[in-house]
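One structure below.
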């Protein structure tokens, strides 16, 4: 008996895992099986795993430096490219189905045919997935600039989950119901990366960036819409869309809604209350020279 057979005979659990794994992959949409990164989820998991390690290790390395790298021009270029990519995705999702196509806000199954419109939607889903991998660079820029306060659990979790989960979306349901989220997300990213590009361009643009707070509000609204849209899937009797993906979308939408809402509260509401309290304390401790205690803190 060969060594290979011995391993197989002695590893029924491993064989069962392999069989289940291969069976899962065989259920994927055959149209995307030959597309880059779509044969197996392992390359995506590897990239996400490297991302998590690189962020952790990069922070340790950069913490030893006195200052971060000056990469302003690179960031302006990168964020500008992401604006264009997000605009393209909004256009493609709109033309392929949601605005200028035949998609509705109700039950919207995946069209598995080779029809040009169906293939166009599948391609848009694949590019959206690739964009989630590209967006992992957002965190690396924070690391290189030593902006550790921006590398929050929300930031890292959001990037990692979106990149990994959208592999499964493209592999099994490249189109249909779930692309509603992709359309909204792409639209919001147009404005988000526009903000990042202007912020990276220099202080002369800072007076025009007053709308940062509303980007977080838009993110929260995004997940409210996704939750409302996805919930109806559980009330359809004959909707040909995998209910498992409905549960997955609903789960991470709720998680992100909670995390983004917490971030909004901590950053804008709680911080504002603390600033008001500090200002009030400063007025009570007026030194008499026309300046409040704490003025320096408010302007630095």
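The values are calculated or read from the model by the stated rules, or taken from the named source; none is laboratory data. From a predicted model like this one, the values you see are computed outputs, not experimental measurements. Neighbour counts run over all protein chains shown; Cβ positions are idealised from the backbone, glycine included.
Would you mind finding the one in 254, 263 that is free of Cβ contacts under 8 Å to residues at least 60 places away in the same chain, part of a helix (DSSP H, G or I) and either farther than 22 Å from residue 89 by Cβ or over 17 Å from the mean Cα position of the chain (by Cα) (or both)?
Numbers: 263 fails: free of Cβ contacts under 8 Å to residues at least 60 places away in the same chain.
Result of the check over 254, 263: 254.
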Filter result for the condition that a residue is over 25 Å from residue 224 (Cβ atoms) and either out of contact with any helix residue (DSSP H, G or I) (no Cβ under 6 Å at 6 or more places or on another chain) or crowded, with 22+ Cβ neighbours inside 10 Å (or both), over 168, 153, 177, 172 | 172
Within region 80-103, identify whether any single residue is assigned to a loop (DSSP other than H, G, I, E, B), in contact (Cβ under 8 Å) with a residue 40 or more places away in the chain and under 24 Å from residue 33 (Cα atoms), and answer yes or no.
-> no
Residues of region 55-71 classified as closer than 15 Å to residue 152 by Cα and touching a residue at least 12 places away in the same chain (Cβ under 8 Å), total | 3
Number of the condition not met by residue 34 [criteria: (1) at pLDDT below 95; (2) surrounded by 11 or more Cβ atoms within 10 Å (Cβ to Cβ); (3) within 23 Å of residue 128 (Cβ to Cβ); (4) out of contact with any helix residue (DSSP H, G or I) (no Cβ under 6 Å at 6 or more places or on another chain)] = (2)
What number of residues within region 128-143 satisfy the criterion of being surrounded by 19 or more Cβ atoms within 10 Å (Cβ to Cβ) and either over 13 Å from the mean Cα position of the chain (by Cα) or not in a loop (DSSP other than H, G, I, E, B) (or both)?
-> 10
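Assess whether residue 45 counts as being touching a helix residue (DSSP H, G or I) at 6+ places or on another chain (Cβ under 6 Å), in a helix (DSSP H, G or I) and in contact (Cβ under 8 Å) with a residue 12 or more places away in the chain.
Details: touching a helix residue (DSSP H, G or I) at 6+ places or on another chain (Cβ under 6 Å): no; in a helix (DSSP H, G or I): yes; in contact (Cβ under 8 Å) with a residue 12 or more places away in the chain: yes.
So residue 45 fails the test.
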Considering region 210-223 alone, what residues qualify as being over 30 Å from residue 112 (Cβ atoms), surrounded by 13 or more Cβ atoms within 10 Å (Cβ to Cβ) and in contact (Cβ under 8 Å) with a residue 24 or more places away in the chain?
-> 215, 216, 217, 218, 219, 220
Residue list for region 182-209, restricted to those being assigned to a helix (DSSP H, G or I), more than 20 Å from residue 88 (Cβ to Cβ) and in contact (Cβ under 8 Å) with a residue 60 or more places away in the chain = 200, 201
Here the qualifying pairs (Cβ atoms under 6 Å; residues six or more apart or on different chains; first in region 104-121 and in contact (Cβ under 8 Å) with a residue 24 or more places away in the chain; second buried (at least 17 other Cβ atoms within 10 Å of the Cβ) and not in a loop (DSSP other than H, G, I, E, B)) come out as 108/176; 108/177; 109/176; 110/176; 111/118; 120/96; 121/96; 121/97
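Looking at 91, 21, can you tell me which residue is more than 19 Å from residue 142 (Cβ to Cβ) and modelled with pLDDT under 90? Please lay out each step first, then the result.
Numbers: 91 fails: modelled with pLDDT under 90.
None of the others qualify; the one that does is 21.
Taking region 210-246 as the region of interest, how many residues are over 21 Å from residue 264 (Cα atoms) and part of a helix (DSSP H, G or I)? Spell out how you get there, then give the answer.
Narrowing region 210-246 to residues over 21 Å from residue 264 (Cα atoms): 229-246.
Now restrict to residues that are part of a helix (DSSP H, G or I): 229-235, 243-246.
Residues that pass the stated criteria total 11.
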Considering every residue within region 49-72, establish whether at least one is under 24 Å from residue 230 (Cβ atoms), assigned to a helix (DSSP H, G or I), touching a helix residue (DSSP H, G or I) at 6+ places or on another chain (Cβ under 8 Å) and modelled with pLDDT of 90 or more.
-> no
